[in-house]
Amino acid sequence: MINLETPRKFRPLIGQAHSVAREVLRPIARKYDSDTHERPRELDFLAAILDGMSDSGVGEGAGAAGAGAGGGGGGSPRDGATDPAATRNGSNLSTALSIMEMCWGDVGLLLSIPGQGLGNSAIAAVATPEQLAQYGGRWAAMAITEPEAGSDSASIRTTAVRDGDEYVLNGEKIYVTAGERAELVVVWATLDRAVGRAAIKSFIVERSNPGMRLDRLEHKLGIRASDTAAFTLSDCRVPASALLGSPEVSSKTGFSGVMQTFDNTRPLVAAMAVGCAKACLDFTREALEEAGVEVDYDRPALSQSAAAATFLAMEAEYDAARLLTMQAAWMADNRRPNSVQASIAKAKAGRTGTDIAFGCIELCGAVGISETHLLEKWARDVKILDIFEGTQQIQLLIIARQLLGRTSAQLK
Ligand SMILES: Cc1cc2nc3c(=O)[nH]c(=O)nc-3n(C[C@H](O)[C@H](O)[C@H](O)COP(=O)(O)OP(=O)(O)OC[C@H]3O[C@@H](n4cnc5c(N)ncnc54)[C@H](O)[C@@H]3O)c2cc1C
């Protein structure tokens, strides 16, 4: 049975993440929004602290790298549970909860913390123990998207051809978050385009690999603190051991190996949206108080002012997004198939985050779009969370396929 309370054992972590968000991220949020492409050096120090927190066990799952397959990273029985074989609150849930707090501080900066890339989650999700030993602890970006393959990730064209003890990669990758700054890039490529999705595998490529050329960095609406890179792979050679998971091309397990990554990363992206939405709500609650608008939790919304009723409705949506996100992460910790819940959480949080940010701007009026405050920035930042790791429409499609028992060929 799922327990909807925040686990007691994670409260110190949540408190620390909130302090970091307030004391470290918020004060530099505007600076790196304006200075696009400048590396936030302050975060190197923060990465060292997060490493220390993880080593000590306090910060298990302090950043994106903490999430793992099946609750790796030391899940423990749920608070209050007497049966040790009962449900676990592990690193997926602790990571989601700490990401919510960090994104209350700043989403773009969270994505820029060394060692906390989405590629790290991919490695944690599908790497063998040997690969974990070799690549774990290093900063990894994730490169799936190509000029001709966005939502339809099964249609990627980047190829990987076996040559002795190496694979040779060729293709183009765009929109790679942390692609310039990370040490590693997890690249999706196909072993055989004729075979289709079963032949798609992910490969770990060192950023220093001469076969991987950085083409450009994007200028964006939001999360400007985070670098977004485009690459060309030209005869890029990687050791055969850089293929993540099994090299076997099987119609049963092939694509599921790489798709498993999304079951871990989508709840984390949902958590980012939840954190950003909370920042907007907290700001707006204070603005309403200053304006003399009382939000009364003991009276029905219809008997309160329109502003208070709107705020209450947004908070209810926020709670729903937060709980769905926790559920998806908790299921990953407990080795329960969570693809549908991961997509539900991502769809709900992505849309809710955007709706809340713009709903708060409406309530706050001119203050909402002034650069004197961060609300206008959060509204710009949150939109990407409804796009990357699968857009709103794609999440709904995935949910519909699973609920209706249709394949991707039957429902597109
Ligand atoms: C700032 C940023 C960072 C990113 N970071 C990464 C990263 O680190 N790694 C990575 O690999 N990618 C990354 N991406 C890419 C991102 O995942 C893609 O942009 C996303 O998957 C959508 O692909 P697309 O932009 O090609 O849009 P398209 O796939 O061309 O879609 C365009 C529109 O059509 C809709 N649509 C498409 N197909 C369907 C359908 N079948 N039914 C209904 N509607 C549909 C989509 O929802 C969308 O609204 C990033 C993108 C941005 C902007």
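What the table below lists for this structure:
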quantity	calculated
Solvent-accessible area, 1.4 Å probe, carbon plus sulfur percent, for the chain	53 percent
Principal-axis tilt of helix 392-404 within the chain, Cα atoms, nearest 10 degrees	80 degrees
Mean separation of Cα contacts under 8 Å, 6 or more apart, over the residue count of the stretch 88-189: relative contact order %	28 percent
Net length gained if the chain between residue 41 and residue 235 were fully extended (0.36 nm per residue, minus Cα distance)	66.5 nm
Relative contact order (%) - criterion: Cα under 8 Å, at least six apart; region: the chain	16 percent
Accessible area in square angstrom per residue, the chain, 1.4 angstrom probe	42 Å²
Lysines with Cα under 18 Å of residue 31, excluding same-chain neighbours fewer than 8 positions away	220, 377
Listed residues 304, 116, 16, most fluctuating in the chain (Gaussian network, C-alpha, under 10 Å)	304
DSSP beta bridges in the chain [antiparallel fraction, %, rounded to 5]	85 percent
Prolate/oblate/rounded label for the stretch 99-156 (Cα gyration tensor, a/c 1.5)	oblate
DSSP bridge orientation in the stretch 124-208 - percent antiparallel, rounded to nearest 5	70 percent
In range of the label at residue 6: residues from the stretch 265-309 whose backbone nitrogen is under 14 Å from the point 7 Å along Cα→Cβ	274-276, 278-279, 282
Relative frequency of Cα-Cα separations exceeding 28 Å in the stretch 257-412, percent	29 percent
Per the chain, cysteines lacking a partner by the 4.7 Å Cβ criterion	103, 236, 276, 364
Peptides ranked, highest mean first, by Cβ atoms within 10 Å: ranges 159-166, 205-212	205-212, 159-166
Pairwise centroid distance, computed over Cα atoms, of the stretch 130-181 with the stretch 286-306, Å	50 Å
With Cα atoms, 0 to 90° folded angle of helix 306-333 axis to the chain main axis	30 degrees
Cα gyration tensor, the chain - rounded (a/c under 1.5), prolate or oblate	prolate
Prolate/oblate/rounded call for the stretch 194-279, Cα gyration tensor, a/c under 1.5 rounded	oblate
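The values are calculated or read from the model by the stated rules, or taken from the named source; none is laboratory data. Everything quoted here is computed from the prediction, not taken from an experiment. Reconstructed Cβ throughout: ideal geometry from the backbone, glycine too, with neighbour counts over all protein chains shown. Just so you know, the surface numbers come from the protein's heavy atoms only, side chains and all, with ligands and any DNA or RNA stripped out. Shrake-Rupley method; radii C 1.70, N 1.55, O 1.52, S 1.80 Å.
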